[in-house]
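Structure first, then comments.
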Amino acid sequence: MQQTSTIILGIESSCDDTAAAVIKNGKILANVVANQSVHEQYGGVVPELASRAHQQNIVPVVEAALKKANVTKEELSAIAFTNGPGLLGSLLVGSSFAKAFAMGLNIPIIEVNHMQGHVLAHFIEELDSVSSTKKPNFPFLCLTVSGGHTQIVKITDYFTFEVIGETIDDAAGEAFDKVSKMLELPYPGGPILDKNAQQGNPIYEFPHPKVDGLNFSFSGLKTSVLYFLKKEIAKNEKFREENINDICASVQKTIVDILIKNLKKAIKQTGIKEVAIAGGVSANSELRKQILNLQKMGCNTYIPKFEYCTDNAAMIAITGYYKYLEQDFATQQVVPNARMKL
Ligand code: KG4
Ligand code: ZN
């Protein structure tokens, strides 16, 4: 019998979230994520523990996604999985599972670049078109901001990506996380700093880095915040606790201002007025607000749904779907690439 639908199972395990999603003809049927709380006590992701937790979670997460989607494994057209960049041990769990499962089902496998997935999350359709978000038109610019990456990418079609600016040191998400740690906020830092910031005012100023072209740098910000705190705490030992919301708002505004400044430069340089954001930091309230302001420059702006900003498998499944349409399959010899480039 000829298959009429394309049903892709997506698997994501690049860092500390074990995720599975099912997409049918580009529409999302299920999107399941298991977060790993084991890292909280260490204030950051411990790679060995992440791999073990993926190993524990992967089967129940995939089962839950198939059940939620009301799809049997025999109905799957292909399995897409994150093959990099990320933590090698974590990637190995997802890729080995995908390879074995697909071999058992005698269906193709599709390797997906995690960062391409973040960008293509903009193309995920909901079952009812009313709740789907607008899709960007090609070519568009995407500010991809996560825990490991900060890039401005020019996207010409589903598969053609050109990085026109990137961080020369820390990623924006890393800056959020490292400053949060300095402020003694619990892990994961970014979302908690954001929450505090929404109750404060950006009254403190931190310097912007001097970097060429469209590149970014965030390592200096950490040092500025560290010296600032030392100086203020020497005058008032309760400074941090008493001013936590204003400090968070100030750090957040500085990070977002740095991001937006280069994005505006990129818009002017390329003349492209279709502008999107992607990656974990695109969940940030200040960034989401400031991106909307670009509409005053005549830009169309695109913000992913909250659940498609941080790591998820729906973005892997949608990328897999477009690669499936091109019959772009991987072989069983494929191995994860922790430093995979866009
Ligand atoms: O894309 P993602 O889930 O994982 C990676 O691929 O790295 O991004 C995680 C990053 C973390 O650094 C996290 O602190 C940051 O995204 N993040 C945020 C917010 N939500 C997540 N940063 C600032 N504000 C948020 N609301
Ligand atoms: Zn990510």
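The values are calculated or read from the model by the stated rules, or taken from the named source; none is laboratory data. Since we're looking at a predicted model, the values are computed, not measured. A quick note on method: Cβ atoms are made from the backbone with ideal geometry, for glycine too, and the neighbour counts reach across all protein chains shown. Areas reflect the complete protein model, heavy atoms only, side chains present, ligands, DNA and RNA absent. Shrake-Rupley method; radii C 1.70, N 1.55, O 1.52, S 1.80 Å.
Return the only residue of 301, 310 being in a loop (DSSP other than H, G, I, E, B) and either crowded, with 18+ Cβ neighbours inside 10 Å or free of Cβ contacts under 8 Å to residues at least 40 places away in the same chain (or both). Reasoning before the result, please.
Working: 301 fails: in a loop (DSSP other than H, G, I, E, B).
After ruling out the rest, the residue left standing is 310.
The residues on offer are 291, 272, 277, 244, and the sole one that is among the β-branched types (Val, Ile, Thr), open to solvent by 10 Å² or more (accessible area, probe 1.4 Å), in the same structural domain as residue 182 (by TED's automatic domain parsing) and under 21 Å from residue 173 (Cβ atoms) is 244. The condition of being buried (at least 21 other Cβ atoms within 10 Å of the Cβ), at positive phi and in contact with an Asp or Glu (Cβ under 9 Å, 6 or more places away or on another chain) holds for only one of 147, 84, that being 84.
Among 327, 333, which is the only one that is on the phi > 0 side of the Ramachandran plot and open to solvent by 40 Å² or more (accessible area, probe 1.4 Å)?
Criteria check complete, one pass: 327.
Restricting attention to segment 150-197 and to residues that are touching a Ser or Thr at 6+ places or on another chain (Cβ under 9 Å), open to solvent by less than 50 Å² (accessible area, probe 1.4 Å) and closer than 24 Å to residue 323 by Cβ, the residue that is nearest to ligand 1 (Cβ to nearest atom) turns out to be 151. Being under 26 Å from residue 342 (Cα atoms), at pLDDT below 95 and either open to solvent by 70 Å² or more (accessible area, probe 1.4 Å) or assigned by TED's automatic domain parsing to the domain that holds residue 46 (or both) is not true of residue 99.
Conditions first: (1) away from ligand 2 (no atom under 16 Å from the Cβ); (2) open to solvent by less than 20 Å² (accessible area, probe 1.4 Å); (3) charged (D, E, K, R). Residue 126 passes all but one, so which condition is the exception? Of everything listed in (1) away from ligand 2 (no atom under 16 Å from the Cβ); (2) open to solvent by less than 20 Å² (accessible area, probe 1.4 Å); (3) charged (D, E, K, R), residue 126 misses just condition (2).
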